[in-house]
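The values are calculated or read from the model by the stated rules, or taken from the named source; none is laboratory data. Predicted model, so just to flag it, every value in this text is computed and none were measured. Methodologically, a virtual Cβ is constructed for each residue, glycine included, from the backbone with ideal geometry; neighbour enumeration extends over all protein chains shown. Areas reflect the complete protein model, heavy atoms only, side chains present, ligands, DNA and RNA absent. Shrake-Rupley method; radii C 1.70, N 1.55, O 1.52, S 1.80 Å.
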Amino acid sequence: MSVASISPATADVWADVWAVVVNWNGGERVAACLASLVAAGVLAEHIVLVDNASTDGSLERATAAHADVVVLCNDANLGFGEGANQGARYALNHRAPFVMWINDDVTLPADTLPALVAALVAHPKWGMVGPRVVYPGQPVRVWAAGGRLDWTHNLSTLIGHGRLDAPEVQITRDVDYIPGCALLARRECLDDVGLFEESYFAYMEDVELGLRARSKGWGVVVVGEVHAVHDASASTGGGYTAKRKYMQALNSVRFLREHGSAERWMRFTVCDVLTLPVLFGVGLFTGRARAVLAKALGLWHGARGRVVTAACLEPGGTRLW
């Protein structure tokens, strides 16, 4: 898929794309994300910036640079899922034919969004598409070229994660889900399957949405010929952090409680739960021991039916932070 494949009719639809950006203390990245959307051809009035009670001045700086974007402000941090849904509902209520969810730490090259729109226009049964996502810097490394459910470590795998960018990931193919950091969906698909499951707060809501879409016959496809740049997990500290591992673990167990089978539980237990003692031992020497303990706590809380909330992520929310 290339920009050259976009017809005039496709270009007209592309002008009606709405983008939703959820911000929580995103710093300077937010304005850069908005600038990349405008440069890609999204009308400023079709960009919905949902702010989850940021306190770092990022909302003020972003809106000063992009005064025409739609701003929805929450009084508390409601998480990615609920914030993303607020923006999507606003867009859909204004008759958006396509909704693009994009993280505040993601930027899009100018040719990426047109190619994604062209893919959906050319394939009416594709419900969701996304680009391959790469880390910033050189050499270029892949963050994800879509995702697949394997029911093992963290339940799913980001395709190509950590590898050098190469032709084998720069292809269009079916996947189990599109990471929510850069996901374009058609209206008909969202009308059919719904939006993100908000109570996941952060992590696994995109996996669950992809599973729901595929179960109803919609294609979920990565258009790997184009890319987005992702400063991955910047809002949660990046990498192997305690809060991130806690949320991933809790929501993984919740996801299994809703979609698991005996075989799926067994695969996850063997590959993820039973390896915790080894991970903790290694973590004592790598500085990751606290994050491993947070993962264990998340697994326990997930088994007890808890959900992630902003309160549990505040300082003192657990003994681990």
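The table for this structure:
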read-out: P(r) weight above 12 Å for the range 18-61, C-alpha pairs, percent; value: 55 percent
read-out: Proximal lysines to residue 125, defined as alpha-carbon separation beneath 24 angstrom and excluding residues fewer than eight positions away on the same chain; value: 216
read-out: Added length on full extension, which subtracts the Cα-Cα distance from 0.36 nm per residue, residue 94 to residue 152; value: 16.8 nm
read-out: Under 29 Å from residue 295, Cα to Cα: lysines that are on another chain or at least 8 residues apart; value: 243, 245
read-out: Prolate/oblate/rounded label for the range 42-86 (Cα gyration tensor, a/c 1.5); value: oblate
read-out: For the chain, radius of gyration divided by Kirkwood radius, i.e. Rg to Rh on alpha-carbons; value: 0.96
read-out: By average C-beta atoms within 10 angstrom, highest first, the peptides 36-43, 106-113; value: 106-113, 36-43
read-out: FRET E, pair residue 168, residue 73, Förster distance 45 Å, beta-carbon r, rounded to 0.05; value: 0.55
read-out: For the chain, accessible area per residue (1.4 Å probe, heavy atoms of protein chains only), Å²; value: 42 Å²
read-out: Electrostatic dipole magnitude of the chain [Cβ: Lys, Arg +1; Asp, Glu -1; Cα centre; debye, to 20]; value: 1220 debye
read-out: Spherically averaged projected area in nm², based on the convex hull that wraps the Cα atoms of the range 100-176; value: 6.1 nm²
read-out: Theoretical ellipticity at 222 nm over the chain - DSSP helices of four or more residues, -39500 (n - 2.57) apiece, nearest 500; value: -11500 deg cm²/dmol
read-out: Among 151-162, 248-259, the order from most to least packed when residues are scored by Cβ within 10 Å on average; value: 248-259, 151-162
read-out: 5 Å binning of all Cα-Cα separations within the range 231-321, expressed as whole percents from 0 upward; value: 3, 14, 22, 25, 18, 13, 4, 0
read-out: The range 172-318: Cα Rg divided by the 2.2 N^0.38 Å rule of thumb; value: 1.14
read-out: Distance in nm between pseudo-label sites at residue 140 and residue 259 (7 Å out along the Cβ direction from Cα); value: 2.9 nm
read-out: Accessible carbon and sulfur surface of the chain relative to its total accessible area, %, 1.4 Å; value: 56 percent
read-out: The range 251-321, relative contact order in percent, only Cα pairs under 8 angstrom and at least six apart counted; value: 34 percent
read-out: Relative contact order, percent, the chain [alpha-carbon distance under 8 Å, six or more residues apart]; value: 18 percent
read-out: Contour excess over end-to-end distance, with Cα ends at residue 38 and residue 278 and 0.36 nm allotted per residue; value: 81.7 nm
read-out: Relative contact order %, the range 40-134, counting alpha carbon pairs below 8 Å whose residues are six or more apart; value: 29 percent
read-out: Relative packing of 128-139, 284-295, 262-273, which averages over residues the other C-beta atoms within 10 Å, highest first; value: 128-139, 284-295, 262-273
read-out: The range 152-239 - Kirkwood radius from inverse mean 1/r over Cα pairs (Å); value: 14.4 Å
